[in-house]
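A.B. asks: Sharing a structure here in structure tokens format.
The values are calculated or read from the model by the stated rules, or taken from the named source; none is laboratory data. None of the values given here were measured: they were computed from a predicted structure. Because the Cβ atoms are built from the backbone with ideal geometry, glycine has one as well, and the counts that use them run over all protein chains shown. Keep in mind that these areas ignore ligands, DNA and RNA; they rest on the heavy atoms of the full protein, side chains included. Shrake-Rupley method; radii C 1.70, N 1.55, O 1.52, S 1.80 Å.
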Amino acid sequence: MSIRTMHNGLLKKEFSTVEFARAYLRRAEETRSLNAYIHMTPETALDAATRIDRAIAAGSPLSPLAGIPMQLKDNLSTRNILTTCASRMLGDYVPVYDASVWKTLQSCGAVLLGKGNMDEFAMGSSSETSAYGPVRNPWNERHTPGGSSGGGAAAVAAGAAAYALGSDTGGSVRLPASFCGVVGLKPTYGAVSRYGLLAYASSLDQVGPIAQSVEDAAIVFDEIACADPQDSTCHGKREGCAAGLRHPLKGRRIGIAPEFFHGAEEEIRGAIERTLAEMESHGAELVEIKIPHLQEMLSAYYIIACAEAASNLARYDGIRYGQCSTRGVTREERIRFSRSEGFGAEVKRRILLGNYALSSGYYEQYYGNACALRQRAKEIFSQAFASCDVIACPTCPRTAPALGQGALHPADGYAWDICTVPANLAGLPALSQPCGLSHAGLPLGIQWLGRPFDESTLLNVAWHCEQQANFQMLKQEVSDGV
Amino acid sequence: MEYELVIGLETHVELSTATKMFCGCEVTFAAAPNTRCCPVCLGLPGALPTLNQQAVASAVTAGLALHCQINPVSVMERKNYIYPDLAKAYQISQHRHPLCRGGYVTLRSGKRIHLQQLHMEEDAGKLVYEPGRVYIDYNRGGIPLIEIVSLPELSSAEEACEYLETLQRLMRYLGISDCKMQEGSLRCDVNLSVRPVGCAQLGMRTEIKNMNSFSYMRKAIAYEAQRQIALLRSGFAVEQETRRYDVPSGTTRVMRSKENAQDYRYFPEPDLLPVSLPGQWVNALRADLPELPDARAARYEALGVSPAIAQELVRFRAVADYFDAAIRCGASPVFAAKMLIGPYFEAKTGEQEREAFSPCVYPEQLAQVCKKLDTHALSPAQAKAMLGQALRGECTLSQALAGLPEHPPEQGVLEELCRKALRDHGDAVQSYLSGKEKAFQVLVGAVLRAAQGKADPQAVRTLLKQMVDERSFDKNKP
Ligand SMILES: [Zn+2]
């Protein structure tokens, strides 16, 4: 059911918000094996739902998101609600303040079902590094849902949340959206407030929606996109993307860079080619462009992300909040034990990498060069956008792997990100949506990159793509077949 | 072999802004622990800093007054180190692209001490030690600081103290910091090395951290210089290290050796945009700069005031402002300076007392006395004695002048002055009527000023009380 249908149903009193919330809570309970939630918040959900029912009864004007049940990734600060970042380090951390996006959604009347499972501190591409166990892919529970916002994508795909807010540092919204057959939008860096997002890599992190459809993603984005005086890097404006989705496709130029397709699985390449051909027949213009240095962008991304992460995570010492070890006598020993017990292997690996990249004598070689490459990436994309309006490419070179594969070879996991990190590095908006199914019955994702602060065009093209790909029908056939 | 000292200072000045550097928390001294904190200055997960524009304006003002080059774009960076009083495990500071470069401080001898840079940063919290326990107070965490780094051009403890005093006076003049060493709003690290006289090469330096008084700084420099010279004379080398001054023993002790030096892993703070200063805005701050102490002292000397007295006058801005007001009222500069520095400062000997300058005589009154001196209606000794009493608040000036042929204003004139004061200060009347006794003093002061000190304060008080009670002044309202 789309957000619009739900909204109209609530307004017409076809069902009450409380009934609706209960249904979603039940569905979340039924799909518990997915491990999509770290913890549920039924009281919060029912409280909010009760308030919305009263507002409906009183005939008050409602936001399109009022009464819609949703999930927040567990790295968004929620006052009085446990926020763990899927880490033992913050196992008992209850924030005293709300993230700006959560404040906004509360004022819209959002119904919070619970906090989404994820890779620990958003570091990972498979949602397997969570201290609360891996998330499973609703299409096939032996497979990963992708990460790091795996809980959000799995919940939305399984109908255990109408939409979810995730965070995307190097593909963490788009990759799980692709693996789970849903829509994931990473807004332009600075379009949505980061205040209250527990930072992984501050210059790359961006909060974005995971939704059932392009329209749902647009509705959520329109609500959360707004400048925030508490986030100096956020200077977005109120958006009206949902209203422009049906703008004609004719004349839109779609850029295709062969570099993005190197190493992509045949099925993915084929599905994207078919989709693009369909769009061309509906009036889009296909343009070949060049995006060099993808491999270098991936390296630069990991250097910058790890460097910022090392600094952002240095504050977790277990003294004022979070996990405090019982071992160790001196303050230094206590902090060391708290951190070594509190953080998982992947987090430790990235902290070490990051501190190394920033250390004196290596700064220029690593961090300095990475920043230069980031500047270069911005120029490369800016040039590309001179001859096209959006760029089409795979979200990930492969479909969802079986659980356990990423953990064996961390560097392989890093390579899954090669198509998603450029958008973070260059600060561009990007969207992943399903465009077909593999023979194994797993979703195939197509990714769109847009100009900075031009989510409107991005969502418009994605909406047309959704009409062509007809993924909902495929999905129906699969579930009928089962 | 004779040795000479080479000293450079890193001075931290706490800016007296209304709120902290990166959040809206109030800046106050000595509030109850951890009552001036929020998610931002406590470094809670997910909280983000936003730059306080008032702090930037203060820092630029300091840079302008120190003749620095103001960089149109500067960058906040993270200085990463772990200490319990540092909530985020990094301090937001500036490193590669500071707010200001260059600039200088001129000593009395005319010697210029050049500055390397001036940058903005945030203060850390404070550890409070109790037997067996350590507490953390984050009230100070996030208070804006500027750090002024001098080149190693100071060559004695005296010069170092004079340099620091000059900075202190300047910051107070600019009204951007109270610069109280005892409260920590002015702190200083000393970089010191010694070298044979005439040698061009710098010796190995040590850094003495956190000097919080002029006298300790003087002693620490003397001790450290003698320690280094003794080492060199006996054939040892000076080690590069960080030391601290130990007050009871009067010596410096090692805090950190070079091998344990911190690697701060600076990198640009991704949560803040680069600090861009529009040229017009900087020019407006430049135009707003007050007349600075050196320029002021020079002006006073040109008016005939002796250099020593001119220096005294400009030490505190309030004194100099008062002096200027008296001159504007027609006081002769030479007499006014003598009257002010003599009688007043003789009574107020403490530094803090002098700084909290609050004479009981209006500049107009001082001007009147000076005029009497000019016309020989008073002898300098008489004037000095009377002013002394009045400035110190022992009696009013008119009482002090009572012995002189001075006619108080006619009753009718005085009544008119009282009525005018009541009309002009309606708010004071209201506060007084609502029980604020102090507000009444505003009215008395206004009348005394208008009567140019000739009215008897007691008579004024009685008259005003009577008028307020009867609200008789209302009848004359148009
Ligand atoms: Zn604060």
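A.B. asks: Relative to the longest principal axis of chain B, what angle (0 to 90°, nearest 10) does the C-alpha long axis of helix B:157-174 take?
C.D. replies: Result, in degrees: 50.
A.B. asks: Then there is this: Can you list the residues of region A:69-96 with backbone N under 16 Å from a point 7 Å past the Cα of A:His39, pointing along Cα to Cβ?
C.D. replies: Flagged as within label range: A:72-96.
A.B. asks: Then there is this: Only Cα pairs under 8 Å and at least 6 apart count here; give the relative contact order of region B:291-402 as a rounded whole percent.
C.D. replies: Computed over region B:291-402, the figure is 24 percent.
A.B. asks: Using R₀ = 35 Å, calculate the FRET efficiency as 1/(1 + (r/R₀)^6) where r is the Cβ-Cβ separation of B:Ser156 and B:Ala381; round to 0.05.
C.D. replies: E(calc), rounded to 0.05, equals 0.30.
A.B. asks: Magnitude of the Cβ-charge dipole of region B:136-272, K/R +1 and D/E -1, about the Cα centre, nearest 20 debye?
C.D. replies: The calculation lands at about 440 debye.
A.B. asks: Here is a follow-up. Excluding residues on the same chain fewer than 8 positions from B:Lys384, give the aspartates and glutamates whose Cα lies under 12 Å from its Cα.
C.D. replies: B:Glu346
A.B. asks: Nearest 0.05, what FRET efficiency do B:Ile82 and A:Ala386 give at R0 = 35 Å with Cβ-Cβ as r?
C.D. replies: According to the calculation, E is roughly 0.15.
A.B. asks: Straight-line reach only, C-alpha to C-alpha below 23 angstrom: list the lysines that B:Lys438 could link to, leaving out same-chain residues fewer than 8 apart.
C.D. replies: B:Lys420, B:Lys454, B:Lys465
A.B. asks: Follow-up. Could you give the nm distance between label points at B:Asp374 and B:Val73, where each point is 7 Å from its Cα heading toward the beta carbon?
C.D. replies: Between B:Asp374 and B:Val73, the simple spin-label model gives 5.8 nm.
A.B. asks: Other chains' Cβ within 10 Å of A:312-321 residues: what's the mean?
C.D. replies: Taking all residues of A:312-321 together, the mean is 5.
A.B. asks: Say a paramagnetic label sat at a point 7 Å from the Cα of B:Ser109, along Cα to Cβ; which residues of region B:149-169 have their backbone N under 15 Å from it?
C.D. replies: B:152-164
A.B. asks: What FRET efficiency would be calculated for the residue pair A:His247, B:Ala261, taking the C-beta separation as r and a Förster radius of 60 Å, to the nearest 0.05?
C.D. replies: For R0 = 60 Å, the calculated efficiency reads 0.50.
A.B. asks: Compute the semi-axes of the equivalent ellipsoid of region B:411-476, taking the square root of 5 times each eigenvalue of the Cα gyration tensor, and list them largest first in whole Å.
C.D. replies: Details: eigenvalues 58, 35, 20 Å².
The equivalent ellipsoid of region B:411-476 has semi-axes of 17, 13, 10 Å.
A.B. asks: Could you sort A:Ser213, B:Ser74 by their accessible area in this structure, using a 1.4 Å probe and putting the largest first?
C.D. replies: Descending order: A:Ser213, B:Ser74.
A.B. asks: Just for chain A, what percent of DSSP beta bridges are antiparallel, to the closest 5?
C.D. replies: Given both bridge residues lie in chain A, the antiparallel proportion sits at roughly 65 percent.
A.B. asks: Going by average Cβ density within 10 Å per residue, which order do the peptides B:59-70, A:30-41, B:278-289 take, highest to lowest?
C.D. replies: B:59-70, A:30-41, B:278-289
A.B. asks: Then there is this: So which residues in region A:171-209 end up with at least 50 square angstrom less accessible surface once the other protein chains are there, compared with the chain by itself, probe 1.4 angstrom?
C.D. replies: In region A:171-209, residues shielded by partner chains: A:Tyr195.
A.B. asks: Can you list the residues in region A:363-380 whose accessible area drops by at least 20 Å² when all protein chains are present, compared with the chain alone? Use a 1.4 Å probe, heavy atoms only.
C.D. replies: Buried on complex formation: A:Tyr363, A:Tyr367.
A.B. asks: On a full-extension model of 0.36 nm per residue, what is the gain between B:Phe29 and B:Glu183, subtracting their alpha-carbon distance, rounded to one decimal in nm?
C.D. replies: Here the segment from B:Phe29 to B:Glu183 would lengthen by 54.6 nm.
A.B. asks: Among B:Thr462, A:Thr326, B:Thr19, what's the order by accessible area (1.4 angstrom probe), most exposed first?
C.D. replies: Ranked from most to least accessible, the order is A:Thr326, B:Thr462, B:Thr19.
A.B. asks: Among bridges DSSP assigns within region B:3-284, what percent are antiparallel (round to 5)?
C.D. replies: Values: 56 of 60 bridges.
Here the antiparallel bridges make up roughly 95 percent for region B:3-284.
A.B. asks: Keeping all protein chains in place, calculate the accessible area per residue for chain B (probe 1.4 angstrom), answer in Å².
C.D. replies: On the way: 21940 Å² over 478 residues.
Dividing the accessible area of chain B by its residue count gives 46 Å².
A.B. asks: Taking the square root of 5 times each eigenvalue of the Cα gyration tensor, what semi-axes in Å does the equivalent ellipsoid of region B:3-284 have, largest first?
C.D. replies: Taking √(5λ) for each Cα gyration eigenvalue gives 31, 24, 18 Å.
A.B. asks: Something else about it: Considering the Cα trace of chain B, what is its radius of gyration and what is Dmax, both in angstroms?
C.D. replies: Gyration radius and largest Cα-Cα distance of chain B: 27.4, 92 Å.
A.B. asks: If I take the Cα coordinates of region B:291-402 and project them onto the principal axes, what are the three extents in Å, biggest first?
C.D. replies: 39, 31, 19
A.B. asks: Roughly how crowded by other chains is peptide A:70-83, in terms of the mean Cβ count from those chains within 10 Å of each of its Cβ atoms?
C.D. replies: 1
A.B. asks: Taking the Cα centre of the protein assembly as shown as the origin and placing charges on Cβ (Lys, Arg +1; Asp, Glu -1), which of A:Thr83, B:Asn191, A:Ala402 is farthest toward the positive end of the dipole?
C.D. replies: B:Asn191
A.B. asks: Provide the packing ranking of A:120-133, A:344-357, i.e. peptides ordered by the mean count of other C-beta atoms within 10 Å per residue, highest first.
C.D. replies: A:120-133, A:344-357
A.B. asks: So which of B:Lys180/B:Lys258; A:Lys186/A:Lys237; A:Lys103/A:Lys237; B:Lys20/B:Lys126; B:Lys20/B:Lys258 end up more than 27 Å apart, counting from Cα to Cα?
C.D. replies: As for pairs spanning more than 27 Å Cα to Cα, those are B:Lys180/B:Lys258; B:Lys20/B:Lys258.
A.B. asks: Of the options A:Leu353, A:His235, A:Thr275, report the single residue whose Cα projects farthest towards the positive end of the charge dipole of region A:207-354 (beta-carbon charges: Lys, Arg +1; Asp, Glu -1).
C.D. replies: Checked the options; the winner is A:Leu353.
A.B. asks: Follow-up question, since we're still on this one. Ignoring GluC sites (Glu not before Pro) that are buried or in helix or strand per DSSP, and keeping those with at most 10 other beta carbon atoms within 10 Å, what is the longest stretch of chain B between them?
C.D. replies: Numbers: sites that count: B:Glu2, B:Glu410.
Maximal segment without exposed cleavage sites: B:3-409.
A.B. asks: Follow-up question, since we're still on this one. Can you tell me what share of the DSSP beta bridges in the protein assembly as shown is antiparallel? A percent to the nearest 5 is fine.
C.D. replies: Given both bridge residues lie in the protein assembly as shown, the antiparallel proportion sits at roughly 80 percent.
A.B. asks: Just the number, please: buried accessible area between B and A, total of both chains, 1.4 angstrom probe, nearest 100 square angstrom.
C.D. replies: The summed interface area works out to 2600 Å².
A.B. asks: Along the charge dipole of region A:209-338, which of A:His293, A:Cys306, A:Gln212 sits closest to the positive end, that is, farthest toward it, with unit charges on the beta carbon of Lys, Arg, Asp and Glu (+1, +1, -1, -1)?
C.D. replies: A:Cys306
A.B. asks: Need the full-extension length gain, A:Lys348 to A:Glu379, defined as separation in residues times 0.36 nm minus the C-alpha distance. One decimal, nm.
C.D. replies: Values: separation 31, 0.36 × 31 = 11.16 nm, distance 3.31 nm.
Length difference between fully extended and current span is 7.8 nm.
A.B. asks: Now a separate question. Using 0.36 nm times the number of residues separating A:Ser2 and A:Asp92, minus their current alpha carbon distance, what extension gain do you get?
C.D. replies: Numbers: separation 90, 0.36 × 90 = 32.40 nm, distance 3.52 nm.
Additional length available on full extension: 28.9 nm.
A.B. asks: Whenever you get a sec, compute what percent of the accessible area on region B:291-402 sits on carbon and sulfur atoms (1.4 Å probe).
C.D. replies: 55 percent
A.B. asks: Given 10 Å bins starting at zero, what is the percent of C-alpha pairs of region A:311-383 in each, up to the one with the largest pair distance?
C.D. replies: Percent of Cα pairs in each bin: 18, 32, 25, 17, 7, 1.
A.B. asks: In whole percent, how big is the carbon plus sulfur part of the accessible area of region B:411-476, probe 1.4 Å, protein atoms only?
C.D. replies: Carbon plus sulfur share of accessible area: 48 percent.
A.B. asks: Dimensions of the protein assembly as shown along principal axes (Cα, Å, largest first)?
C.D. replies: Reported extents, whole Å, longest axis first: 117, 90, 59.
A.B. asks: Let me ask something else about it. What distance in nm lies between label points placed 7 Å from Cα along the C-beta direction at B:Gln54 and B:Val413?
C.D. replies: 4.5 nm
A.B. asks: Calculate how large, on average over all directions, the projected area of the Cα convex hull of chain A is; give the answer in nm² to one decimal.
C.D. replies: Result: 21.8 nm².
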